[in-house]
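Accompanying notes for the structure given below.
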Amino acid sequence: MRVSRLRIIFPVGLFLALFLDGSLSNVFAAHLFKYPYSSVLHLVLLWIIFAVFLDDRNDLSIGIWSAFAGLVFDWYYTGILGVYMVALPLVVYLSRQVKPWLDLNFLTMLMVYIINLTIVEAFVYIWYLIGKVMTSNLADFAVYTLGPTIAVNLALFVILYYPVRQLYLKVS
Amino acid sequence: MQKFFFNRKLVIVIIVLIISFGLMSVSVAVRNKKSTPPLLQQFGNDVAGAVDRVIAWPVNGLQGASNSVSDLLNTYQENQKLKKQVDQLAQAKVNAQTATAENKQLRKELKLNNSLTAYTAVTANVLTRTPSSWMNQLVISKGATAGIKKNMPVMSQSGLIGRVVEVNQTNSKVELISSTSSSADKFAIQVTNKAGSTVNGIVTGYDKSTNLIEMGSVTSKTKIKKGDKVVTSGLGGVTPKGLYVGTVAKVKQDDYGLASEIEITPAANLTDLTVVTVAVQ
């Protein structure tokens with residue numbers, strides 16, 4: 001009974017985060033994409049990382065759900081398939097690999113989240129660069145995209161960490 | 001971590017990367033073709049769009065509420081300013097109405113049914129913006145069922161903002177003019193100066209640091225001044241003539257000193273979009 005509730009909450013929250021990413025990007029476009037900085041919201045990634053580290057029993061199929069969310073992201077937002085669809089499960093896989101070695105608390109999760117943000121952003125950057133979707137150089141990417149993105153998403157992490165942890169403690 | 005380099009896992013990783021890269025290459029190649037995205041993708045997008053409407057509605061409502069409050073605070077000054085304009089506008093409106101009626105009559109006599117300026121406006125809500133720094137795209141709430149086709153121009157209340165790049169049944173994607181992607185095909189525009197002579201050209205880029213549209217490779221000797229109006233020229237494609245783009249900000253020599261480059265202040269604010277209009281021909 002306890003398991004089944006989380007099994008519903010996780011995918012619902014995942015898609016809520018997916019669509020909120022887009023809606024909030026539109027509403028706060030003037031602040032998020034203020035030249036030369038562009039900060040990308042990653043609520044989906046945040047939700048996935050929370051699920052990987054806060055779900056102790058490992059019985060959510062996070063990998064498959066994240067691949068599906070990535071597919072919807074590619075279809076609906078960018079129109080270029082196969083980028084987020086692979087990036088998100090990759091992050092889930094890597095996080096699962098490091099999970100047993102970590103003493104889980106607020107700070108370690110924060111670190112893991114920064115690393116994962118970097119991995120996803122870098123993966124998308126490299127893929128789009130090879131696919132000639134856009135042109136940009138590495139220094140601009142690091143300073144004007146990666147930096148602000150990490151700053152904004154860390155703020156969201158700090159705000160959402162305790163509520164989401166309470167949710168997981170209560171449900172599972 | 002040692003496990004990661006097991007032979008079998010390495011093979012799986014490489015296969016996944018190849019599949020991912022293949023999918024991306026195919027969708028980039030297909031993206032610029034005339035045919036709309038494959039049916040399955042359209043269906044997926046329509047479902048996602050339907051769900052998104054539910055989530056976007058309260059968020060957009062919140063934005064509307066905050067806009068209303070800031071509007072309310074500026075009401076008095078705005079009212080003073082607008083009062084002055086109203087008198088002039090009434091006269092201009094009457095003039096325009098007579099001209100339109102005359103135009104219609106003359107066109108009937110010449111049996112010109114489809115001219116460059118004729119279009120119908122389809123209004124749509126903005127559902128979301130792509131959360132990515134590499135793509136300036138919006139998803140709007142009207143699609144093929146409302147008559148929208150690929151490459152149609154999209155305007156906000158004040159001016160041109162971009163073009164439709166992907167059409168599904170009930171929603172479509174719009175690429176903003178601020179997009180710097182190399183594959184974006186650009187608008188044909190013309191500048192009319194005070195004397196009434198025009199300079200034709202295309203939008204060649206967007207300067208993000210100053211928020212100006214660039215119109216490069218202009219070799220015409222016609223004198224263009226700051227403040228001259230820029231509209232779409234209606235040449236070569238589905239864009240109708242006479243959509244307002246903006247005003248000239250400055251004219252300068254391009255990097256090689258041979259042609260001049262005209263910089264244009266866009267009429268529309270590209271970061272505050274809730275309702276847009278698609279010009280359907």
Next on the checklist: Looking only at segment B:122-140, filter to residues that are surrounded by fewer than 20 Cβ atoms within 10 Å (Cβ to Cβ) and under 25 Å from A:Leu20 (Cα atoms); which one of those is nearest to the other protein chains (Cβ to nearest Cβ)?
Outcome noted: B:Asn125
Item to check | Failed condition for B:Leu235, given (1) closer than 29 Å to B:Thr100 by Cα; (2) at pLDDT 85 or above; (3) among the aliphatic types (A, V, I, L, M) | outcome: (2)
Checklist entry - Which members of segment A:136-153 meet the condition of being surrounded by 15 or more Cβ atoms within 10 Å (Cβ to Cβ) and either in contact (Cβ under 8 Å) with a residue 40 or more places away in the chain or of a type in the set (Val, Ile, Thr) (or both)? => result A:Tyr144, A:Thr145, A:Pro148, A:Thr149, A:Ile150, A:Val152, A:Asn153
Checklist entry - If we scan segment A:58-77, do we find a residue that is hydroxyl-bearing (Ser, Thr, Tyr), closer than 26 Å to A:Ala142 by Cα and assigned to a loop (DSSP other than H, G, I, E, B)? => result no
Checklist entry - In segment B:33-79, how many residues are within 24 Å of the chain's Cα centre (by Cα), farther than 22 Å from A:Leu14 by Cβ, surrounded by fewer than 15 Cβ atoms within 10 Å (Cβ to Cβ) and within 11 Å of chain A (Cβ to nearest Cβ)? => result 4
Checklist outcome for this item: Here the qualifying pairs (Cβ atoms under 7 Å; residues six or more apart or on different chains; first in segment B:162-180 and within 18 Å of B:Ile264 (Cβ to Cβ); second of a type in the set (Val, Ile, Thr) and assigned to a loop (DSSP other than H, G, I, E, B)) come out as B:Gly162/B:Ile177; B:Ile177/B:Val203
Item to check | Search result, residues across segment B:185-200 that are in a loop (DSSP other than H, G, I, E, B) and crowded, with 20+ Cβ neighbours inside 10 Å | outcome: B:Phe187
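Against the condition part of a strand (DSSP E or B) and under 30 Å from B:Gln42 (Cβ atoms), how does B:Lys173 come out, does it pass?
yes
Tell me which residues, restricted to segment B:149-162, are buried (at least 22 other Cβ atoms within 10 Å of the Cβ) and away from chain A (no Cβ under 14 Å).
Passing the criteria: B:Met152, B:Pro153, B:Val154, B:Leu160.
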Checklist entry - Yes or no: A:Ser38 more than 11 Å from the chain's Cα centre (by Cα) and not in a helix (DSSP H, G or I)? => result yes
Item to check | Breaking point among (1) in a loop (DSSP other than H, G, I, E, B); (2) buried (at least 16 other Cβ atoms within 10 Å of the Cβ); (3) in contact (Cβ under 8 Å) with a residue 12 or more places away in the chain, for A:Leu81 | outcome: (3)
Checklist entry - Do we find a residue being in contact with a Leu (Cβ under 8 Å, 6 or more places away or on another chain), buried (at least 23 other Cβ atoms within 10 Å of the Cβ), within 12 Å of chain B (Cβ to nearest Cβ) and in contact (Cβ under 8 Å) with a residue 24 or more places away in the chain anywhere in segment A:49-69? => result yes
Item to check | Which listed residue, of A:Leu88, A:Leu94, A:Leu46, is in contact (Cβ under 8 Å) with a residue 40 or more places away in the chain, farther than 19 Å from A:Val164 by Cα and outside any loop (DSSP other than H, G, I, E, B) | outcome: A:Leu88
Checklist entry - For segment B:222-231, does any single residue satisfy the condition of being at pLDDT 85 or above, of a type in the set (A, V, I, L, M), in contact with a Leu (Cβ under 7 Å, 6 or more places away or on another chain) and closer than 24 Å to B:Gly49 by Cβ? => result no
Next on the checklist: Any residue at all in segment B:201-208 that's touching a Gly at 6+ places or on another chain (Cβ under 6 Å), surrounded by fewer than 21 Cβ atoms within 10 Å (Cβ to Cβ) and outside any strand (DSSP E or B)?
Outcome noted: yes
Next on the checklist: Cβ-Cβ distance below 7 Å, separation of 6 or more or different chains: which pairs start in segment B:260-281 with a residue that is within 14 Å of chain A (Cβ to nearest Cβ) and end on one that is of a type in the set (Ser, Thr, Tyr) and in a strand (DSSP E or B)?
Outcome noted: B:Val275/B:Thr123
Item to check | Filtered residues of segment B:221-277 (kept if of a type in the set (Val, Ile, Thr), touching a strand residue (DSSP E or B) at 6+ places or on another chain (Cβ under 7 Å) and not in a strand (DSSP E or B)) | outcome: B:Thr222, B:Ile224, B:Thr239, B:Thr274
Item to check | Given (1) at pLDDT 80 or above; (2) facing chain A (nearest Cβ under 9 Å), index of the condition B:Leu10 fails | outcome: (2)
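The values are calculated or read from the model by the stated rules, or taken from the named source; none is laboratory data. Because the structure is a prediction, the values reported are computed rather than measured. Positions of Cβ are generated from backbone atoms using ideal geometry, with glycine treated the same way; all protein chains shown enter the neighbour counts.
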